[in-house]
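The values are calculated or read from the model by the stated rules, or taken from the named source; none is laboratory data. Keep in mind that this is a model prediction, so the values were computed, not measured. Cβ placement follows ideal geometry from the backbone for every residue including glycine, while neighbour counts extend to all protein chains displayed.
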Amino acid sequence: GAVVSQHPSRVICKSGTSVKIECRSLDFQATTMFWYRQFPKQSLMLMATSNEGSKATYEQGVEKDKFLINHASLTLSTLTVTSAHPEDSSFYICSATQGAFSDEQFFGPGTRLTVL
Amino acid sequence: AQSVTQPDIHITVSEGASLELRCNYSYGATPYLFWYVQSPGQGLQLLLKYFSGDTLVQGIKGFEAEFKRSQSSFNLRKPSVHWSDAAEYFCAVGVGTASKLTFGTGTRLQVTL
């Protein structure tokens, strides 16, 4: 099956710094990637949808200037948490689809962000 | 907007016992329905999906789910649970192919030996 990786798997940073998380589709071209956020013992909440070469579409309540998403190629999307604060600490998961008519999202293993 | 309800936050079953995890959805048209499993600190793995056709869907690891339009449900079942099935299970609904998903709050399954 299609494989999606995320890097790093775990990151700890100081408050006020920025953190970049990478999401890669390893064996397929991902026309669309999704970024989710998961708080402990809670469900996944969609943050944004990104299509290769275009601006990301953010869900209501998600600050686009704080969570910068770039989908510069068909195999890579990045999420940058700018000026991170402790409340940004969470588990961030990306997913990718293989094409406009794909019927399945393939999920990455997630990135645990801890902001001190 | 679509929504998903998983009424059971936590379920405990004995190994070898049968399992049913409940999922109810709200959507105006025929939804795309999914069940995912998540092990601690891991991403999500697709168990099965329903788009159309036969309302009883077979998935991986011996799981199956039945779509019941009249009840707006998509319950997940397994005849005999294994200790390795202990994990978090999420039901999700999408409105089309390659579309964003709305997840339920999840059901944590604990398996006793």
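Structure values in brief
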| read-out | value |
| --- | --- |
| Filter pass, A:S95 being touching a residue at least 24 places away in the same chain (Cβ under 8 Å) and in contact with a helix residue (DSSP H, G or I) (Cβ under 8 Å, 6 or more places away or on another chain) | no |
| Residue check, A:E59 among the acidic types (D, E) and in contact with a Ser or Thr (Cβ under 6 Å, 6 or more places away or on another chain) | no |
| Residues (of a type in the set (S, T, N, Q) and under 17 Å from A:L44 (Cα atoms)) located in segment B:25-39 | B:Q38, B:S39 |
| Candidate set from segment B:53-75 (those that are among the polar types (S, T, N, Q) and over 19 Å from B:T102 (Cβ atoms)); member that is modelled with the highest pLDDT | B:Q58 |
| Residues satisfying the stated conditions in segment B:1-37, i.e. hydrophobic (A, V, I, L, M, F, W, C), out of contact with any Cys (no Cβ under 9 Å at 6 or more places or on another chain) and part of a loop (DSSP other than H, G, I, E, B) | B:A1, B:I9, B:A17, B:A29 |
| Lone unmet requirement of (1) within 19 Å of B:D8 (Cα to Cα); (2) more than 12 Å from chain A (Cβ to nearest Cβ); (3) assigned to a loop (DSSP other than H, G, I, E, B) for B:P40 | (2) |
| Selection count, segment A:1-38, where residues are within 11 Å of chain B (Cβ to nearest Cβ) and part of a loop (DSSP other than H, G, I, E, B) | 6 |
| Residue tally, condition out of contact with any Ser or Thr (no Cβ under 7 Å at 6 or more places or on another chain) and at pLDDT 95 or above, over segment B:89-103 | 1 |
| Residue within segment A:99-114 that is more than 9 Å from chain B (Cβ to nearest Cβ), at pLDDT 90 or above and either closer than 18 Å to B:T102 by Cβ or part of a loop (DSSP other than H, G, I, E, B) (or both) present | no |
| Any hit, segment A:80-96, residues being touching a strand residue (DSSP E or B) at 6+ places or on another chain (Cβ under 8 Å), surrounded by 15 or more Cβ atoms within 10 Å (Cβ to Cβ), more than 23 Å from A:C13 (Cα to Cα) and not aliphatic (A, V, I, L, M) | yes |
| So B:A87, is it more than 20 Å from A:W35 (Cβ to Cβ) and within 14 Å of chain A (Cβ to nearest Cβ) | yes |
| Residue pairs meeting the criteria (Cβ under 7 Å; at least 6 apart or on separate chains; first within 29 Å of A:K14 (Cβ to Cβ), in segment A:102-115; second assigned to a loop (DSSP other than H, G, I, E, B) and not small (G, A, S)) | A:P109/B:Q42; A:G110/B:Q42; A:T111/A:P8; A:V115/A:H85 |
| Filtered residue count, segment A:46-96, keeping only those that are assigned to a loop (DSSP other than H, G, I, E, B) and within 11 Å of chain B (Cβ to nearest Cβ) | 2 |
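Residues are listed down the side, and each one gets a yes or a no for (1) surrounded by fewer than 19 Cβ atoms within 10 Å (Cβ to Cβ); (2) under 14 Å from the mean Cα position of the chain (by Cα):
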site: B:H10; (1), (2): yes, yes
site: B:S14; (1), (2): yes, no
site: B:A17; (1), (2): yes, no
site: B:L21; (1), (2): no, yes
site: B:A29; (1), (2): yes, no
site: B:W35; (1), (2): no, yes
site: B:L44; (1), (2): no, yes
site: B:L48; (1), (2): yes, yes
site: B:S52; (1), (2): yes, no
